[in-house]
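Following: one structure in structure tokens, then a few remarks.
What follows is calculated from the coordinates using simple rules that are stated; it is not laboratory data. The structure displayed is predicted, hence computed values, not measured ones. Quick reminder, even Gly has a Cβ in these numbers, built from the backbone with ideal geometry, and neighbours come from all protein chains shown.
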Amino acid sequence: MDWLVQWWDGVELWVVQLPVAVQFPVVMIVVLPLCLGVARLIDRVADWGANNPASVPEPDPEPESEKVAA
């Protein structure tokens, strides 16, 4: 995991050292699609959790009332 932290620090340092005119397009091209993908993934997981039949307990069956013959 240490290699990932070092890689991320290097990328962060590289982006910070870029001029602002270059930072903006880089962030918009890389970060925006990444954030949209993560948001879509979270939305799908939330939908799955809400629609998962295992997450909702089944209601108890109502007792049948006695039928009276007319």
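When shorter helices are ignored and each DSSP H run of at least 4 residues is given -39500 (n - 2.57), the per-residue value for the chain at 222 nm works out to -24000 deg cm²/dmol.
For the Cα atoms of the chain, what angle does the longest principal axis make with the long axis of helix 2-17, in degrees from 0 to 90, nearest 10? With both axes taken from Cα atoms, the answer is about 60 degrees. Approximating the spin labels as points 7 Å out from Cα along Cα→Cβ, the residue 35-to-residue 14 distance works out to 2.1 nm. Once the Cβ-Cβ distance of residue 26 and residue 50 is raised to the sixth power relative to R0 = 35 Å, the FRET efficiency obtained is 0.45. Pairwise Cα distances in the chain exceed 21 Å for 62 percent of all pairs.
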